[in-house]
Amino acid sequence: MSDEDLAVNQEDTAAEQDEEQPEQDAKQPEQDEEQPAEELSEDEQAMAKLKEAISVEKEEIGPLRLKLTVTVPQDTLDERRGDQFAELKRDALVPGFRKGHAPLRLVEKRFATDVGEQLKTQLIGSGYLAAIDKEEIKPLGDPLFWVKVEEERVGEDDKPYKVETEKLLPIDKAVDNMILPKEGPLTFSCELELKPEFELPELEKIPVKRPAVAIDEDDVDSELERMCMMRGVFQPVEEGEVEADDLLYADMKITVDEEVIAREENLEMAARDLRVKGVPLVGFGEAVVGKALGDQVTFEAEIPDDHENIDIHGKTAQFEFVIREVKRLEVPPIDEEFLATTGFDSEKELRAATRSSLESQLDATIKRGMREQIGQYLVDKTVLEIPEGLSQRQTDRSIARRMIEMYQAGIPQAQVEKEMDELRAKAHDQAVRDLKLFFILEKIAEERDIDVTEEQLNGAIAQIARQSNRRFDRVRDELSKGEGLKTLYLQLRDQQVLKALLEEAEITETEGPKKKKVKKKKTTKKKKTAKKKVSRKKTDE
């Protein structure tokens, strides 16, 4: 065939392809519709495949609480394990072999432990996400996983021994106590809380009262008291009886069914009702007030159903405390030394400046009260059932929100800790109300696309730092522990929701409420005391 003939044939072929192209283009959309999986990313395809492969069992264990048992079949484990080893083989550096040329069996033997740990973490996390997607579950927060752990206990003869117990732990702690099977499927169970379904009430023209209030001398006294408490310091009490809200250091022992489940020396606690090791001690404050250094305090309390040790739920625990040290908050008086720290020459000047500051904040204070009225309206008008058996995680959320509110208001640390202990000991009613309002505000925020910027978050942290007379970075670091920053974010988001609803509200001017006479707290003159060394011997009990 000549070059000319070849050129002609190529042109004819090209023409035929051009004629067929429109028809192929017309078919392309149909092919795309038939094979949507090709549009998914590699990770999305893997998740879709895992979702199809797993089996999920659901068990209702209480209102808005669910237990999931997820099973990942062996063929999925084998496939994922094989994929990881194949990928590792390409990059593994094995002595005696060039990169990527080591035998697969040698790679598997050398990296089996690392691959197993990585695969276990991936499959448990991905398996949970695939399960809630498959079952169309809307969880509230993160799940807790059921695991068996070995703990060391101490008998009445003070000899340690080990027991196996079942616990509910977050995933980062749970995976350390789970094993990836060499043969057979991977099965794990977790407990999660569910978001309730409900309808919002009418949100336009919510009735709100704006009280006509003014700053008086009682308000100035309260603010000065707050300023004094901010400068208060806990000092050792060398003799005398324990008073309410004293700071205690005690040796503790907890016994359940004549078995010592926990011991701790020099446990820091307050002389009031509080929660210790996950157990509410309602009435402890009354039991410890009047005791002295070296005294023993015994107390009984029921283990709640949300305690991390599942095998002792509902049982009675015996607490024994031996008081080793007592400290009491000393609040400084408004004297020359105190005035020097504030920059004023006299108490009269300080009071005048304090009144002026309170008056400048009066509008913000009134609006805060009006937003609280809107919150109460939402709680009262929304049909939303909250379960009686609130978990400790839900109660902790309520407590954390209250703590942020108090920090924003500049409440002294000692007072914040007191309020927190009281809430931990008996927070159920408040937690029910707070959780209900949380769900309502969250739904409004989603419908109205209300969010919080990083700038707003940092501004709120700066305000807390100013109110508590602490550095910005220290406050942020403290909030970063646990869920402090998340709680602050939600607090700011909710404030924006309430602010938006207040702008649409129907406001009525009213007379201000009659104020109750505030009883002033005693201030303590500073005095030099010799610090008594307290014995740190471990109790024999």
- Given 353, 317, which one is modelled with pLDDT of 90 or more, surrounded by 13 or more Cβ atoms within 10 Å (Cβ to Cβ), out of contact with any Ser or Thr (no Cβ under 8 Å at 6 or more places or on another chain) and among the hydrophobic types (A, V, I, L, M, F, W, C)? 353
- Query: Is it fair to say residue 142 is under 25 Å from residue 44 (Cα atoms) and surrounded by fewer than 18 Cβ atoms within 10 Å (Cβ to Cβ)?
  - Reply: yes
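Here's the yes/no breakdown for (1) in a strand (DSSP E or B); (2) in contact with a Lys or Arg (Cβ under 7 Å, 6 or more places away or on another chain); (3) surrounded by fewer than 16 Cβ atoms within 10 Å (Cβ to Cβ); (4) touching a residue at least 40 places away in the same chain (Cβ under 8 Å):
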{"position": "57", "(1), (2), (3), (4)": "yes, no, yes, no"}
{"position": "77", "(1), (2), (3), (4)": "no, no, no, yes"}
{"position": "83", "(1), (2), (3), (4)": "no, no, yes, no"}
{"position": "87", "(1), (2), (3), (4)": "no, no, yes, no"}
{"position": "94", "(1), (2), (3), (4)": "no, yes, no, no"}
{"position": "97", "(1), (2), (3), (4)": "no, no, yes, no"}
- Answer residue from region 193-219, given it is over 30 Å from the mean Cα position of the chain (by Cα) and surrounded by 18 or more Cβ atoms within 10 Å (Cβ to Cβ) and is nearest to residue 444 (Cα to Cα) among those: 206
- Residue hits (region 308-340; of a type in the set (Gly, Ala, Ser) and either over 30 Å from residue 190 (Cβ atoms) or in contact with a Leu (Cβ under 6 Å, 6 or more places away or on another chain) (or both)) are 340
- Item | Verdict on residue 287 being assigned to a helix (DSSP H, G or I) and in contact with a strand residue (DSSP E or B) (Cβ under 9 Å, 6 or more places away or on another chain) | yes
- Item | Members of region 458-472 found to be surrounded by fewer than 17 Cβ atoms within 10 Å (Cβ to Cβ) and in a helix (DSSP H, G or I), listed by number | 458, 459, 462, 463, 466, 472
- Message: For region 99-136: of the residues being at pLDDT below 90, under 35 Å from the mean Cα position of the chain (by Cα) and acidic (Asp, Glu), which is surrounded by the most Cβ atoms within 10 Å (Cβ to Cβ)?
- Response: 117
- Query: Among 475, 452, which is within 35 Å of the chain's Cα centre (by Cα), at pLDDT 90 or above and either closer than 28 Å to residue 209 by Cα or assigned to a helix (DSSP H, G or I) (or both)?
  - Reply: 452
- Message: Given the options 492, 441, name the one that is of a type outside the set (Val, Ile, Thr), over 29 Å from residue 277 (Cβ atoms), at pLDDT 90 or above and in contact with a Lys or Arg (Cβ under 8 Å, 6 or more places away or on another chain).
- Response: 441
- Task: Would you mention how many residues in region 223-256 are aliphatic (A, V, I, L, M), farther than 15 Å from residue 272 by Cβ, out of contact with any Lys or Arg (no Cβ under 6 Å at 6 or more places or on another chain) and part of a strand (DSSP E or B)?
- Result: 3
- Is there a residue in region 177-187 that is surrounded by 13 or more Cβ atoms within 10 Å (Cβ to Cβ), among the β-branched types (Val, Ile, Thr) and over 31 Å from the mean Cα position of the chain (by Cα)? no
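The values are calculated or read from the model by the stated rules, or taken from the named source; none is laboratory data. All values reported here derive from a predicted model rather than from experimental measurement. Because the Cβ atoms are built from the backbone with ideal geometry, glycine has one as well, and the counts that use them run over all protein chains shown.
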